[in-house]
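Student: Could you have a look at this structure, given as structure tokens, before my questions?
The values are calculated or read from the model by the stated rules, or taken from the named source; none is laboratory data. Model, not experiment: these values are computed from the prediction. Here the Cβ positions follow ideal geometry from the backbone for every residue, glycine too, while neighbour counts run over all protein chains shown.
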Amino acid sequence: MKKIELKNYWLNIWLKTSQLDSIIQSELNISKSGLFLIEEINEEYVDNIKNKFNILKNWEPLEYIIKKAEFYNLDFYVDNRVLIPRNDTEIMVETAIKQIDILNDILLIDIWTWSSCIPISINKNCKNIDETFAIDISIDALEVSKINIKNHNLEWKISQINSDLLNSIIENKFINKNLIITANLPYIKNDDFDNMSKETIIYEPNIALFWWVDTWFELYEKLIKQIITLKNNNNFENIILFIEIWFDQEDYSKKYLNNLNLKFEYFKDNNQINRCIKIVF
């Protein structure tokens, strides 16, 4: 079947060219340049491609269909056990990398790691990290994390921990001088549930996005208290936390952090919205 015939039929319905191309690339296991060169698609692949087009038409995210998401110029395996990595989160990775580059003897901890796209991206760009913990409350998420850690050849560098925030390691003694923590916790308020996209509400794990309490910052507050305890139990020279927030949460977070007399700084995403906070303990 001619590639153009296959694509034109589905374009007439509503699917985007980029979505169709990604599905064909995934099914044929070819690059973007390889897709450009082919004109005919063997019939043995056509039915599978059509089936995936149909799934996409039913609002399932493209990343779950092709089992792949790109983040910080790297490819990650994803399925509906984990949150799909967002471009907005790259600002947290970029900011953490700049901080790590000027330090040494570093322990990196990523909390609610999901696909582990954050600690993997940081480790791929920083050679001075001694050890990394990828922590998640979900066993299912850790199974996906394990796939990505193996795919990126980082089994020797990244250890997985099943824990609610820092509960499992809060009493540990560490010999590292510098502790860097990244956390992309659920922060979307329940009031915003109906404003989210249909594919997000139906297919992505709600526990990764929504925190069903009045104070959206509650999980971060709990984490910050744990970090203060961890600091008191160890002799770190530096403890720096990087977190991601929602577009309307700057005022609340600023008030909370000021009340604790913590040093902090906001960083903007590509839409010039304060998306990441760097907090120094």
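Student: Does residue 115 satisfy being closer than 21 Å to residue 205 by Cβ and surrounded by 24 or more Cβ atoms within 10 Å (Cβ to Cβ)?
Tutor: Spelling it out, residue 115 is indeed closer than 21 Å to residue 205 by Cβ and surrounded by 24 or more Cβ atoms within 10 Å (Cβ to Cβ).
Student: How many residues are closer than 24 Å to residue 86 by Cα, among the hydrophobic types (A, V, I, L, M, F, W, C) and out of contact with any Leu (no Cβ under 7 Å at 6 or more places or on another chain) when one looks only at segment 31-69?
Tutor: So the answer is 4.
Student: Further question on the same structure: Quick one: which of 252, 266 is at pLDDT 95 or above and in the same structural domain as residue 86 (by TED's automatic domain parsing)?
Tutor: Selected residue: 266, the only one of 252, 266 that is at pLDDT 95 or above and in the same structural domain as residue 86 (by TED's automatic domain parsing).
Student: Among the residues of segment 17-39, how many are at pLDDT below 85 and among the acidic types (Asp, Glu)?
Tutor: Count: 1.
Student: Right, here's the next one. Could you look through segment 1-16, keep only residues that are assigned to a loop (DSSP other than H, G, I, E, B) and farther than 18 Å from residue 65 by Cβ, and pick out the one that is modelled with the highest pLDDT?
Tutor: 1
Student: While we're looking at this one, here's another question. Could you tell me whether residue 49 is outside the structural domain of residue 83 (by TED's automatic domain parsing), hydrophobic (A, V, I, L, M, F, W, C), touching a residue at least 40 places away in the same chain (Cβ under 8 Å) and more than 14 Å from residue 5 (Cα to Cα)?
Tutor: Spelling it out, it is not the case that residue 49 is outside the structural domain of residue 83 (by TED's automatic domain parsing), hydrophobic (A, V, I, L, M, F, W, C), touching a residue at least 40 places away in the same chain (Cβ under 8 Å) and more than 14 Å from residue 5 (Cα to Cα).
Student: Kindly provide the set of residues from segment 100-125 that are touching a helix residue (DSSP H, G or I) at 6+ places or on another chain (Cβ under 7 Å) and assigned to a loop (DSSP other than H, G, I, E, B), ordered by number.
Tutor: Result: 113, 114, 115, 116.
Student: In addition: Here are some conditions: (1) without any contact (Cβ under 8 Å) to a residue 60 or more places away in the chain; (2) charged (D, E, K, R); (3) more than 30 Å from residue 2 (Cβ to Cβ). Residue 81 meets all but one. Which one does it not meet?
Tutor: Checking residue 81 against (1) without any contact (Cβ under 8 Å) to a residue 60 or more places away in the chain; (2) charged (D, E, K, R); (3) more than 30 Å from residue 2 (Cβ to Cβ), the one that fails is (1).
Student: Residue check, residue 150 against (1) farther than 21 Å from residue 98 by Cα; (2) in a strand (DSSP E or B); (3) of a type in the set (D, E, K, R), all met but one. Which one?
Tutor: Every condition holds for residue 150 apart from (2).
Student: Of everything in segment 148-179, what is among the aliphatic types (A, V, I, L, M) and either within 15 Å of residue 227 (Cα to Cα) or not assigned by TED's automatic domain parsing to the domain that holds residue 78 (or both)? Give them in sequence order. Full working, then the answer.
Tutor: Initial filter on segment 148-179 (among the aliphatic types (A, V, I, L, M)): 149, 154, 158, 161, 165-166, 169-170, 175, 179.
Hits for segment 148-179 are 165, 166, 169, 170, 179.
Student: What are the residues in segment 40-69 that are part of a helix (DSSP H, G or I) and at pLDDT 85 or above, if any?
Tutor: 48, 62, 63, 64, 65, 66
Student: Are any residues in segment 126-146 surrounded by fewer than 17 Cβ atoms within 10 Å (Cβ to Cβ) and either part of a helix (DSSP H, G or I) or in contact with a Cys (Cβ under 6 Å, 6 or more places away or on another chain) (or both), and if so, which ones?
Tutor: 139, 140, 143, 146
Student: Related question: Condition first: closer than 15 Å to residue 96 by Cβ and among the aromatic types (Phe, Trp, Tyr). Now tell me which residues in segment 255-280 satisfy that.
Tutor: Answer for segment 255-280, where residues must be closer than 15 Å to residue 96 by Cβ and among the aromatic types (Phe, Trp, Tyr): 264, 266, 267.
Student: Also, I was wondering about something else. May I ask you to list pairs of residues, at least six apart or on different chains, whose Cβ atoms are under 9 Å apart, with the first in segment 26-37 being assigned to a helix (DSSP H, G or I) and the second being small (Gly, Ala, Ser)?
Tutor: 28/34
Student: Which one of these is without any contact (Cβ under 8 Å) to a residue 60 or more places away in the chain and over 18 Å from residue 72 (Cα atoms): 143, 131?
Tutor: Details: 143 fails: without any contact (Cβ under 8 Å) to a residue 60 or more places away in the chain.
Just one listed residue meets the conditions, 131.
Student: If the requirement is being surrounded by 15 or more Cβ atoms within 10 Å (Cβ to Cβ), assigned to a loop (DSSP other than H, G, I, E, B), in contact (Cβ under 8 Å) with a residue 12 or more places away in the chain and aromatic (Phe, Trp, Tyr), which of these qualifies: 264, 242, 236, 247?
Tutor: One residue alone meets the criteria, 236.
Student: Looking at segment 78-99, is at least one residue touching a Lys or Arg at 6+ places or on another chain (Cβ under 7 Å), surrounded by 21 or more Cβ atoms within 10 Å (Cβ to Cβ) and assigned to a loop (DSSP other than H, G, I, E, B)?
Tutor: yes
Student: Just to verify a result, which residue in segment 267-281, among those that are touching a residue at least 60 places away in the same chain (Cβ under 8 Å) and part of a strand (DSSP E or B), is nearest to residue 171 (Cα to Cα)?
Tutor: Per the stated criteria, the residue is 278.
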